[in-house]
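The values are calculated or read from the model by the stated rules, or taken from the named source; none is laboratory data. Predicted, not measured: the structure shown is a model, and the values here were computed from it. Note that each Cβ is placed from the backbone with ideal geometry, even for glycine, and that neighbours are counted across all protein chains shown.
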Amino acid sequence: MAGMNTEAGNDTQTFVSWREFVGSPYAASLALVCLAVWLHAADSLIVATMLPSIVAEIGGAALVGWSVSLYEIGSIVAGAASALLILRFGLRAPMSLAAILFGFGCLLSAVSPTMPLLLAGRALQGIGGGGLVAMGFVAVGLIFPRRYIARAMAAVSTLWGVSAFAGPLVGGVFVDYATWRWGFAFFACQAFALALWIVLRNEAGVTRSTADAAGLPVRRLALLCLAVVLVAFGGVEVSVLRTVPSVAAGLACLIGFLWLDQRAGANRLLPPRPVDPTRPSGAALIMIVSMSMATIAVTAFGPLLVTAIHGVSALTAGYIIACSSIGWSVMAVLVSGLAERFDRLAIALGMAVVALSILGFLHAVPNGPVWLIAVYATMEGAGFGMAWTFILRRTMRLVEADEVERISAAIPTMQRLGYALGAAYVGIVANASGLLSMETAADAAKVARWIFASCVPFAAIGLAAMSGLLRDRQVTPRP
């Protein structure tokens with residue numbers, strides 16, 4: 001990679017054309033970062049496309065929700081650890097290690113004869129992929145001169161949308177013309193090539209710090225992971241004696257994580273009182289967790305249900321799910337120039353569209369037509385794309401100055417936590433409503449109705465929490 005960013009701040013005002021940027025010495029570094037982001041962004045959509053074929057070959061329908069939960073757990077841990085690892089070891093070693101872990105996770109999934117072993121591979125993919133994307137964004141700020149950062153971020157955002165389009169295509173091609181195992185192997189080859197590329201690049205790295213290894217919140221992250229695993233475990237075989245204690249223990253671990261984190265002082269992962277809806281930061285985090293839990297069902301179970309109910313191909317099911325990411329990317333670009341005075345309006349409209357899309361799934365997934373499911377998937381993504389940037393901007397504007405960095409990191413972390421908990425929760429609902437005994441399209445439609453109906457309360461909680469973020473407040477101007 002090219003050397004670190006050492007240019008003066010006045011370069012940020014210089015216009016940079018795409019021709020100049022692509023022709024600069026930093027083009028290879030951009031390609032490397034984009035490959036890291038591609039692996040993470042495309043992976044979940046490819047796996048979602050391949051899941052029906054995976055379940056048909058090796059079984060494990062009861063564990064489908066775990067494919068999302070374990071991936072997100074790994075991403076949470078990797079995201080939390082990335083900054084400290086970069087400070088201690090520079091950028092090259094941690095980023096290459098993340099690529100290697102991702103590659104080994106893909107290989108493990110590719111050769112798995114059973115779903116539990118495949119899920120172990122998914123956990124490794126989550127750690128590696130989460131580390132790659134976190135360190136990729138860090139690399140943008142560290143490697144590129146500030147005058148190039150806007151172009152670099154635009155390229156990465158565009159690639160994210162391209163990944164949403166290409167991911168299901170790649171997964172569908174392997175399912176229809178080869179095997180899902182080769183799909184995992186294909187990504188393993190890319191990950192190992194990326195690791196080699198990172199090692200061979202002449203990258204100056206980041207100045208290492210004498211940061212203490214104890215700075216990594218191992219105990220808190222372990223509690224957070226255990227919370228998700230316990231909730232997911234309660235859905236493997238649904239019964240009162242097994243599910244209720246497991247979910248209760250998971251919630252206790254989550255409460256323990258929040259308690260320990262608030263006692264951690266400067267080493268906190270979350271802002272003060274993170275579940276207090278009267279505080280802007282608390283309202284934002286509750287809203288994000290709730291809406292993430294409410295919307296993960298279509299990614300975790302959508303392809304399986306759509307293929308079972310409507311008889312579409314894996315490729316078609318994958319593209320229906322990809323509509324969400326495409327809608328997010330397109331809408332985010334369209335609204336990116338809105339002035340700050342429109343923040344509250346964009347957040348309110350965006351979250352309302354997301355909530356409406358869940359009601360849409362409740363009708364369209366069991367009843368069809370297929371194109372209507374794609375419309376609601378696009379609505380869901382567009383709603384998030386309309387609101388996401390402004391959620392971050394308004395929350396950062398309202399919190400205390402010394403909490404800006406922490407809330408910036410907490411928002412994506414809590415989004416991933418919501419996805420992980422949501423997938424575990426929806427897994428319980430799916431198994432309780434007859435996922436494992438489905439024989440006809442009507443059976444699958446009944447399961448779909450239960451799954452998406454169970455998401456509606458979380459959307460309602462998210463909208464209620466949103467009011468705390470949108471409330472008029474006296475704000476101290478901040479540069």
Give just the number: which of (1) at pLDDT below 90; (2) within 22 Å of Ile347 (Cα to Cα); (3) touching a Gly at 6+ places or on another chain (Cβ under 8 Å) does Asn267 not satisfy?
(2)
Lone unmet requirement of (1) in contact (Cβ under 8 Å) with a residue 12 or more places away in the chain; (2) in a helix (DSSP H, G or I) for Thr278
(2)
Please determine whether any residue of segment 334-356 is over 30 Å from Leu398 (Cα atoms) and surrounded by fewer than 17 Cβ atoms within 10 Å (Cβ to Cβ).
no
Has segment 270-289 got at least one residue that is more than 21 Å from Thr49 (Cβ to Cβ), out of contact with any helix residue (DSSP H, G or I) (no Cβ under 9 Å at 6 or more places or on another chain) and surrounded by fewer than 23 Cβ atoms within 10 Å (Cβ to Cβ)?
no
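Take segment 358-368 and flag every residue that is free of Cβ contacts under 8 Å to residues at least 24 places away in the same chain and over 25 Å from the mean Cα position of the chain (by Cα).
To start, the set of residues in segment 358-368 that are free of Cβ contacts under 8 Å to residues at least 24 places away in the same chain comprises 360, 363-364.
Answer for segment 358-368, where residues must be free of Cβ contacts under 8 Å to residues at least 24 places away in the same chain and over 25 Å from the mean Cα position of the chain (by Cα): just His363.
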Would it be correct to say that Leu436 is of a type outside the set (Val, Ile, Thr), more than 17 Å from Val298 (Cα to Cα) and modelled with pLDDT under 90?
yes
Only one of Ala374, Ala348, Ala332, Ala382 is in contact with a Leu (Cβ under 8 Å, 6 or more places away or on another chain) and either part of a helix (DSSP H, G or I) or among the hydrophobic types (A, V, I, L, M, F, W, C) (or both), namely Ala348
Please find, within segment 97-139, the residue that is farthest from Thr179 (Cα to Cα) out of those that are buried (at least 20 other Cβ atoms within 10 Å of the Cβ) and out of contact with any Gly (no Cβ under 9 Å at 6 or more places or on another chain).
Ala139
Residues that are more than 20 Å from Pro145 (Cα to Cα), at pLDDT 80 or above and not in a helix (DSSP H, G or I): does segment 44-62 have at least one?
yes
